[in-house]
Amino acid sequence: MTTAPTHAYNVRFLPSGKTAAVPAGATLRDAAALAAVPLSFPCGGEGRCLNCRVRILDGLAEISDWDRRAFSAPDIERGFRLACRLPVLDDLTVECQTEVVTDKREHGTEGVRRPVFAVRTVDLPPPTLALQKTAAERAFPGGGAAAVARDALADLARLEQEGVRRFSALCRGEAVLALGRDGRFAGIAIDIGTTTVAATLVDLATGETLAAAGALNAQASFGADVISRIKHTIDHAGGTAALARAVLATIEETIDETCRAAGLGRERIAALAMAGNPAMIHLALGLAPAGLARAPYVGVTPGGFTLTARELGLAVYGPAPVFVLPSIASNIGSDLIADLLVARIEEHEGVSVLIDLGTNAEIVAGNAKALCACSTAAGPAFEGATISCGMRAGTGAVDRVAWSEEDGLAVHAIGDVPPRGICGSGLLDLAAVLRQAGIIDPTGRLLPPAELPPGVPDGLARHIVANGKTTAFDLGGIAVTAGDIRQLQLAKGAVAAGVRTLLEHLGTTEDRVETVLLAGAFGSFVRVESARAIGLVPPGAAHVAALGNAAGRGARLALLCDEARERARSLAARITYVELAGNPVWRTHFAEAMRFPE
């Protein structure tokens, strides 16, 4: 009996140019995972969510029933396919959105107290018969040579061989960590999100931010949420290693981008700080996260420790210390601790609430007397993953919706192009507009034209489309359905209920909240008035503000500042974790928070 030959096909992904060779019949999802291309598979590749949309530019691609559900006939003709259902049976060139965004603007302006690192100028006298001292003893007299690290000694040997007599030393206290011709030693702060990895490159001598970059987490190929990724590590041999490679490849990508923007070699990165949810930290460290998915939901490490870049396998200065910020609980990570380093709510007498809106919502409430925290599943709707026309905040995504009698319905898509879908901030705006106009009733129902109350503006009413039992709102080629509004309602109800549960734990109520701070990938783009209008935040809070990428800024502080590292450990130890699973208080509040404000 003759065995049929096994063919391998090459898949090239644009715009990144990454490639992978896969056996015949492997899916495009498999190829994306192999190439560390962060395609999003919110349903874990089951073909349910219809969100893993790509365009085949070259090569033969089958058409599945899933493709016919997801795309119009013209789009299928143009090459659009669902990556999770497409078998690779030819060499393919695939177009997908995996852009890295680099930004040179200042992202961290918080003051640095008691800096971790210092840069000193060092003179190296030449050796003489009268001064028979080693290079380390001549450069660091008075016993300082004993504090020179082994890798710094290698730098010293190279500099002396090159005839360099004056150079810079990166020090932590008395310890000499690295040497270089100039004083350019950089550190990088990394916020590992489930959806996005953000990195900030910092000058260790001055604290100046040199560049920042963000890239989609390549682990998206294994599922949109933490649970699906942990499940992959349990169900597949080598799953932990595969997910670790994916996230480390994304980190390397952001390091490349920031170094390129700053004109700095990667070998000059001599320190790192890392924050993220517990599953992301486990996987970045190559640790199996299975314990986080089963009772009593305990992982391997809470963080708050230091390892080296060499141990992580990152291609920077090998002995560079990597400080991993501490976590709070199995599903509340060091990214929330990093947020708190910026927010400093523990320093105030008034009650504050901080909500980190990412793929999961992590919430902390309290003041100088007490702090408590919880986590609730809310992110997929906010990030467009469970919305029929949902997409990430990329080109063509509706990110803002507004209504006025003077200007009518204003719909803005990122890139000022025709809408391709809607992202979380746009959906939030739309829900606020429709609720305030009475098109969504307090129960969250999107009303058909025949049931609209008096006074609904014609400019809004004509966008409502009713087809049998289905009602939708047309935004110029994309339709937001009643089911989409329900998904948003579930997400905002979960967050609002989490806030109320924490406040009850503290013995206070929503009307006592003074400040609400929104952080995280999605929280940075939320319009405060829309958040108030749909009941996402406590209605009586005097001050509601977006913190931007607070986790990244907090990680920057931990990179540079001893005081921040001590505060991080102290906060993790003092915050009380409140479990919501099976919590009757949360269930009661959830039922109430599902309603939209009257």
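A few remarks follow.
- Odd one out for SER388, checked against (1) under 11 Å from ILE478 (Cβ atoms); (2) small (Gly, Ala, Ser); (3) open to solvent by less than 50 Å² (accessible area, probe 1.4 Å): (3)
- Residue in region 236-251 that is assigned to a helix (DSSP H, G or I) and polar (S, T, N, Q) present: yes
- Inter-residue pairs, beta-carbon under 7 Å, first farther than 13 Å from LEU446 by Cα and in contact (Cβ under 8 Å) with a residue 40 or more places away in the chain and in region 457-469, second among the small types (Gly, Ala, Ser) and part of a strand (DSSP E or B), 6+ apart: GLY459/GLY408
- For region 403-432, taking the residues that are farther than 14 Å from GLY476 by Cα and without any contact (Cβ under 8 Å) to a residue 40 or more places away in the chain, the one that is farthest from the chain's Cα centre (by Cα) is identified as GLU406.
- Flag for GLY25 being part of a loop (DSSP other than H, G, I, E, B) and modelled with pLDDT under 75: no
- Hits in region 546-570 - residues which are out of contact with any helix residue (DSSP H, G or I) (no Cβ under 7 Å at 6 or more places or on another chain) and either crowded, with 21+ Cβ neighbours inside 10 Å or not hydroxyl-bearing (Ser, Thr, Tyr) (or both): GLY548, ASN549, GLY552, ARG556, LEU559, LEU560, CYS561, ASP562, GLU563, GLU566, ARG569
- Filtering region 116-172 to residues that are under 43 Å from the mean Cα position of the chain (by Cα), more than 30 Å from ARG565 (Cβ to Cβ) and either among the polar types (S, T, N, Q) or buried (at least 17 other Cβ atoms within 10 Å of the Cβ) (or both) leaves only LEU159.
- Filter result for VAL202 (under 14 Å from VAL37 (Cα atoms) and in a strand (DSSP E or B)): no
- A count restricted to region 426-459 and to residues that are of a type outside the set (D, E, K, R), in contact with a helix residue (DSSP H, G or I) (Cβ under 7 Å, 6 or more places away or on another chain) and under 28 Å from SER524 (Cβ atoms) stands at 10.
- Screening ALA249, ALA242 for residues that are over 16 Å from the mean Cα position of the chain (by Cα) and in contact (Cβ under 8 Å) with a residue 24 or more places away in the chain leaves exactly one candidate, ALA242.
- Within region 54-98, the set of residues being surrounded by 14 or more Cβ atoms within 10 Å (Cβ to Cβ), of a type in the set (D, E, K, R) and either at pLDDT below 80 or in a loop (DSSP other than H, G, I, E, B) (or both) comprises ASP75, ASP90, ASP91.
- Yes/no for GLY415 being part of a loop (DSSP other than H, G, I, E, B), at pLDDT below 90 and either out of contact with any helix residue (DSSP H, G or I) (no Cβ under 6 Å at 6 or more places or on another chain) or of a type in the set (Gly, Ala, Ser) (or both): yes
- Residue check for GLU529: open to solvent by 60 Å² or more (accessible area, probe 1.4 Å), part of a helix (DSSP H, G or I) and modelled with pLDDT under 90: yes
- All positions within region 204-219 that are over 21 Å from SER524 (Cα atoms), open to solvent by less than 20 Å² (accessible area, probe 1.4 Å) and either small (Gly, Ala, Ser) or over 12 Å from the mean Cα position of the chain (by Cα) (or both): LEU204, GLY207, ALA218
Conditions (1) over 30 Å from the mean Cα position of the chain (by Cα); (2) surrounded by 14 or more Cβ atoms within 10 Å (Cβ to Cβ); (3) not basic (Lys, Arg); (4) not in a helix (DSSP H, G or I), marked per residue:
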{"site": "ALA450", "(1), (2), (3), (4)": "yes, no, yes, no"}
{"site": "PRO453", "(1), (2), (3), (4)": "yes, no, yes, yes"}
{"site": "ALA472", "(1), (2), (3), (4)": "yes, yes, yes, yes"}
{"site": "GLY477", "(1), (2), (3), (4)": "no, no, yes, yes"}
{"site": "LEU488", "(1), (2), (3), (4)": "no, yes, yes, no"}
{"site": "ALA497", "(1), (2), (3), (4)": "no, yes, yes, no"}
{"site": "LEU502", "(1), (2), (3), (4)": "no, yes, yes, no"}
{"site": "HIS505", "(1), (2), (3), (4)": "no, yes, yes, no"}
{"site": "VAL516", "(1), (2), (3), (4)": "no, yes, yes, yes"}
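- Residue in region 264-272 that is farther than 30 Å from ARG181 by Cα, at pLDDT below 95, surrounded by 15 or more Cβ atoms within 10 Å (Cβ to Cβ) and of a type outside the set (Gly, Ala, Ser) present: no
- Some residue of region 305-317 being closer than 15 Å to TYR577 by Cα and of a type outside the set (Phe, Trp, Tyr): no
- Residue within region 460-468 that is assigned to a loop (DSSP other than H, G, I, E, B) and either on the phi < 0 side of the Ramachandran plot or β-branched (Val, Ile, Thr) (or both) present: yes
- Just one of (1) in contact with a helix residue (DSSP H, G or I) (Cβ under 6 Å, 6 or more places away or on another chain); (2) open to solvent by 20 Å² or more (accessible area, probe 1.4 Å); (3) free of Cβ contacts under 8 Å to residues at least 24 places away in the same chain fails for SER330. It is (3).
The values are calculated or read from the model by the stated rules, or taken from the named source; none is laboratory data. Please read all numbers here as calculations on a predicted model, not as lab measurements. As a convention, Cβ positions derive from the backbone with ideal geometry for all residues, glycine included, and neighbour counts pool all protein chains shown. Areas reflect the complete protein model, heavy atoms only, side chains present, ligands, DNA and RNA absent. Shrake-Rupley method; radii C 1.70, N 1.55, O 1.52, S 1.80 Å.
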